[in-house]
1. If a residue has to be surrounded by fewer than 19 Cβ atoms within 10 Å (Cβ to Cβ) and more than 17 Å from the chain's Cα centre (by Cα) to count, how many in the range A:135-156 make the cut?
2. Which condition number in (1) within 10 Å of another protein chain (Cβ to nearest Cβ); (2) over 29 Å from B:L235 (Cα atoms); (3) hydrophobic (A, V, I, L, M, F, W, C); (4) buried (at least 22 other Cβ atoms within 10 Å of the Cβ) is the one that B:V24 fails?
3. Suppose we filter B:F94, B:F56, B:F69 for residues that are in contact (Cβ under 8 Å) with a residue 40 or more places away in the chain, of a type outside the set (G, A, S) and farther than 20 Å from A:V35 by Cα; which single one remains?
4. With the requirement that a residue be in contact with a strand residue (DSSP E or B) (Cβ under 7 Å, 6 or more places away or on another chain) and within 14 Å of another protein chain (Cβ to nearest Cβ), what does the range A:328-345 give you?
5. Show the residue pairs that are 6+ apart or on different chains and have beta-carbon atoms under 8 Å apart, the first residue being within the range A:156-179 and in contact (Cβ under 8 Å) with a residue 60 or more places away in the chain, the second being assigned to a helix (DSSP H, G or I) and polar (S, T, N, Q).
6. So, B:V96, is that one in a strand (DSSP E or B), facing chain A (nearest Cβ under 10 Å) and out of contact with any helix residue (DSSP H, G or I) (no Cβ under 6 Å at 6 or more places or on another chain) or not?
7. When you check B:K81 against the structure, is it more than 10 Å from every other protein chain (Cβ to nearest Cβ) and of a type in the set (D, E, K, R), yes or no?
8. As an exercise: evaluate B:V365 against (1) under 30 Å from B:C463 (Cβ atoms); (2) not in a helix (DSSP H, G or I) and give the number of the one condition it does not meet.
Protein chains: 2
Amino acid sequence: MGKESVGITASKKNDFSEWYTQVVLKAELADYAPVKGLIVLRPDGYSIWESLKDTFDKKFAQNGIRNGFLPVLIPESLLGKEKKHFAGFNPEVFWVTHSGENEVGDRLALRPTSETLAYTLYSKWIKSWRDLPLKMNFWNTALRAEIKATKPFLRTSEFLWQEGHTVHSTEKEAKKEVFKILEIYKNTVEEELAIPVVTGKKSEKEKFVGAVFTTTMESIMPDGKALQMGTSHFLGQNFSKPFEVKFADKDNVEHFAWQTSWGVSWRLIGAMIMVHGDDKGLVLPPKVAPTQVVIVPIYNSDEDKKRVLEKSDEIKKQLESKSIRTHIDDRNELSPGYKFNDWEMKGVPLRIEIGPKDISKQKVVLAKRYNKEKTDLGFDEIEKIDLILNEIQTHMLESAREEAKQNTLNISDYTEFKEKIGKGGFFNANWCGKQECEEKIKEETGADIRVIPFDKENKEGKCIYCNEQSTSVPIFARGY
Amino acid sequence: MGKESVGITASKKNDFSEWYTQVVLKAELADYAPVKGLIVLRPDGYSIWESLKDTFDKKFAQNGIRNGFLPVLIPESLLGKEKKHFAGFNPEVFWVTHSGENEVGDRLALRPTSETLAYTLYSKWIKSWRDLPLKMNFWNTALRAEIKATKPFLRTSEFLWQEGHTVHSTEKEAKKEVFKILEIYKNTVEEELAIPVVTGKKSEKEKFVGAVFTTTMESIMPDGKALQMGTSHFLGQNFSKPFEVKFADKDNVEHFAWQTSWGVSWRLIGAMIMVHGDDKGLVLPPKVAPTQVVIVPIYNSDEDKKRVLEKSDEIKKQLESKSIRTHIDDRNELSPGYKFNDWEMKGVPLRIEIGPKDISKQKVVLAKRYNKEKTDLGFDEIEKIDLILNEIQTHMLESAREEAKQNTLNISDYTEFKEKIGKGGFFNANWCGKQECEEKIKEETGADIRVIPFDKENKEGKCIYCNEQSTSVPIFARGY
């Protein structure tokens, strides 16, 4: 096979969408399933998800959250109990009508989200203040039939996610939880995936159907579009009332509880691909890379092969003793050049090249994936590789932050806004708070209010659309 | 609340089924979902599953198996591609016919198992010998509409499981994988859940629909019924042919590949509850217990409370430094006796009782859940608790092995067999190998061939039913 056919043939800059799809498929993260709009994850793709899952699980556990399991089937009558919520999801629900040859009575929905199911159970489990807070998380999938064009990780009819559902005795405690979770989301995405996010609130129009308010983290993608990276909702008593999630307080008086729900999905992997990838393929942040270091042994004779493979093994063991995920590519019949391209496409953060000449000089060649830098590294410096991986992780976040900054503009003139929105970007613009202006802007520019950053919820100024008194400075952008 | 209403009120010996259900619900492992036949897992139940998952994941990884993700929806046309397989699952498939208001074209099955989906993808991914072996595992759920009476963990219409699917270039290698996996299953169940299993083959009648042969591990439950604990199938080329899972060998000739599939489910948790539980509730093997040690502080005055809680904290830290999962039950308003019963019902392996008198004597009271033994333990002996937990784990397996032995009988007379089968048990009986005898025995006694143990596949003797030449000595039993 020629290199042409196996490598990425689309340019990130010129054909972003085709480039993205090629990276997902050729780096073997995912593939299409036989049903339109569904994908499967191959080992490297799933491994990134498992890494995120582990990190979240640790942070959730530290915060007193425990995991559970909910079935995928929800009766239609139950899903319909909170009216707005149902109306929001109804058009995209998959319905089970038969089991074997038999019709099921009440149609069964494949879970688009589990509020209605979880809270039916919570209302049984919670009796008194002693049972609160109840904080649970569920690692499962959600199913929402997509009619728009689907895209691996970004828009699929079934997606891996976690959904958290907590119950509290006071409004204050529930709100605190909403923000605490958003903070966990932000830290994890920035530290593990090296993607900067902006946190804040959604507008009334954009909030989760059934929530009192929705907090969100948003990131800007290289094509200038915004991606919603995760949301944490304050549900107030909107669900506790219809689902009768009540508790007897210390004074023995019954109260409706205060609730939160929150989730992130494998969309985070899509963001990681878009933000860091380049024309050679995937670029993985070291922390989530299934393979962090690949060693490519180089030799021409059998004698050299033996020496080089022995040294490669030794280096591998040295790295593994520091818990660095290392792989030796000892495939025969493939040239070093082919292997370099292959691992670059797969985004492995560090490549070690080692041949007989390197051994005689007591060093290896170290190639960094993210900036293509190649340097010599002495055998005595191999132990520094964990530090180098950390540096790469830090630099990747810094450079993504810099790019996001360059794509963020303050704007006060609506004509200028309309001219510039075509190129994409985050636009900080004053807004009066009226849904009418928000809708007009959307209609005329395609841009939504992505997020009202927490530090810009109360800002003086004039609404970019109607010129009236502004109450906040949201970020406007076209979104995924 | 009185103790009566919260504790287990059924006897394991006299009303096994009711006892089991009460333990599942009252120990808060699981609860019923709104759809008949479905359950949800509460944190303690899910934690046991996570513990098993971690152990299996480590062993699978050591064996070169990697995890992936498959969607839950399989088109009817694809599920029907292997005829016998489809006929086997068809009556229990949940069918999706609509998404939103729209009819889907080809009906979509909720995965009863993923062979057909996985192998469609494998046929795309596998091109040459270089791509083999391909060994993947999927942690997901399977959905099979149950018409029989359902029971948490044992028979539910959706269940958590793992399904492994491997592809090999030779028959020999694939068969080796089948046995390797069964060995992993056996070790894990015996070492983690302290349940002894018998491994061997299923009869032709009982094998997986589509397999060449099925290996199984079976355990005997305290009510004398057999439970299938996990199966590992040799699929031969039965699927690789219809699904065109082919590879070009080194000589560039194309061959159909050899395949395996295998799975265990949360049924293992059901077995653990049945085998170890008693009239006070759950008894957890230490290795999978969400809480391994519970400390119950005992005090009457505020001054004592302070001292006792301080010492409790100190012990907790000491235990946690050894990675022992420890909880202090410092709930006010509840008596020590209530707490003892509560944690006994929940099956926590060790309880530490500590009061002011204990402190003055520099010791605690240590209560073992599995044999109800209570002893003093000096402060200087606290560090031995990890050894004590290991001992408990070992003893639990030994005592379960002893019980299984007592419930296993060699039998050669069919009249005697018919008399004794009512009480349950494993019966080693000679069999001629004819399906006719197997079916007659099932019809007349309700007993299946559960497993033909590996060391009894070729045994001389006379068939218990027809008196003709016997080829093996299977275990007959009534099953779950």
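The values are calculated or read from the model by the stated rules, or taken from the named source; none is laboratory data. Here the structure is a predicted model, which is why all the values come from computation and not from measurement. Glycine gets a Cβ as well: all are built from the backbone with ideal geometry, and neighbour counts include every protein chain shown.
1. Final tally of qualifying residues: 4.
2. Looking at each condition in turn, B:V24 falls short on (1).
3. Going through B:F94, B:F56, B:F69 in turn, the sole match is B:F56.
4. A:D329, A:D330, A:K339
5. Going by the 8 Å Cβ cut-off, there are no qualifying pairs.
6. Yes; evaluated as a whole, the condition is true for this residue.
7. Here the answer is yes, as B:K81 does meet what is asked.
8. All conditions pass for B:V365, except number (1).
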